[in-house]
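The values are calculated or read from the model by the stated rules, or taken from the named source; none is laboratory data. All values reported here derive from a predicted model rather than from experimental measurement. Note that each Cβ is placed from the backbone with ideal geometry, even for glycine, and that neighbours are counted across all protein chains shown.
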């Protein structure tokens with residue numbers, strides 16, 4: 001009898017695959033989309049810079065005049081006790097939160113909202129930023145870190161600047177133990193054995209001569225969890241995929 005493959009074991013939700021969110025500092029979100037954000041602005045202060053194992057970038061804790069606190073990914077060139085502003089009338093400056101319609105073309109931004117008030121969905125990893133390109137009717141064209149261009153509503157908010165923590169991927173792990181602990185902090189399985197390296201009894205792609213799956217790597221539409229491996233719901237295969 002073979003062992004359970006990774007897809008089956010993940011479904012159980014054991015500690016190996018569960019994110020240790022009790023160690024995380026919190027969720028990265030812009031402040032609530034209220035009348036202050038729509039018509040005025042509010043001043044805040046950076047009260048703490050912190051490390052969170054659940055995020056690749058350092059975090060900044062902001063406390064506003066009304067006592068509200070939020071967590072954002074810390075931008076470059078920011079420090080404790082710096083003042084930041086949020087709202088439609090906020091001045092243009094690093095760490096300030098403004099709607100895209102008030103940010104000049106060519107500016108670098110991050111943590112962009114998909115729709116006004118959702119708190120930010122795009123560009124949140126360390127060392128990255130997006131670029132404001134142009135305006136088309138009631139939309140703003142933004143170039144994402146992947147160089148893809150995407151249109152956003154002019155009222156979607158974003159943070160001005162570039163996220164700190166750049167160059168994180170340039171430092172090598174050197175030792176397998178370092179990699180293990182980095183993956184363990186986020187509930188990722190490591191090391192992960194390739195299916196074609198296993199025996200036939202342990203995986204649908206196992207055995208055979210050499211590292212060869214021996215069958216199509218696209219799972220059948222109604223495959224059970226023990227067979228649901230390879231490319232799942234592939235939109236495109238073959239040459240030029």
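Consider the range 139-179 and keep the residues that are free of Cβ contacts under 8 Å to residues at least 24 places away in the same chain and assigned to a strand (DSSP E or B). The one that is nearest to residue 73 (Cα to Cα) is 143. Look at the range 194-210: where a residue is farther than 17 Å from residue 8 by Cα and a partner is part of a helix (DSSP H, G or I), sitting 6+ places away or on another chain with Cβ atoms under 9 Å, you get 207/196; 208/196; 210/196. Selection of the range 118-139 for residues being surrounded by fewer than 17 Cβ atoms within 10 Å (Cβ to Cβ), closer than 17 Å to residue 70 by Cβ and in contact with a strand residue (DSSP E or B) (Cβ under 8 Å, 6 or more places away or on another chain) yields only 121. Residues that are buried (at least 16 other Cβ atoms within 10 Å of the Cβ), without any contact (Cβ under 8 Å) to a residue 60 or more places away in the chain and assigned to a helix (DSSP H, G or I) within the range 33-48 comprise just one, 36.
Among the residues of the range 70-90, just one is part of a strand (DSSP E or B) and surrounded by fewer than 14 Cβ atoms within 10 Å (Cβ to Cβ), namely 83. Flag not set for residue 182, criterion: under 20 Å from the mean Cα position of the chain (by Cα), modelled with pLDDT of 95 or more and either not in a loop (DSSP other than H, G, I, E, B) or not assigned by TED's automatic domain parsing to the domain that holds residue 38 (or both). Residues of the range 9-32 that are outside any loop (DSSP other than H, G, I, E, B) and surrounded by fewer than 14 Cβ atoms within 10 Å (Cβ to Cβ): 11, 12, 21, 22, 23.
Quick one: which of 95, 67 is crowded, with 22+ Cβ neighbours inside 10 Å and part of a loop (DSSP other than H, G, I, E, B)?
Details: 67 fails: crowded, with 22+ Cβ neighbours inside 10 Å.
Unique residue meeting the criteria: 95.
Here residue 133 meets the list (1) not assigned by TED's automatic domain parsing to the domain that holds residue 34; (2) not in a loop (DSSP other than H, G, I, E, B) almost entirely, failing just condition (1).
Filtered by the rule that a residue be assigned to a strand (DSSP E or B) and within 10 Å of residue 161 (Cβ to Cβ), the range 98-116 gives 108, 109, 110.
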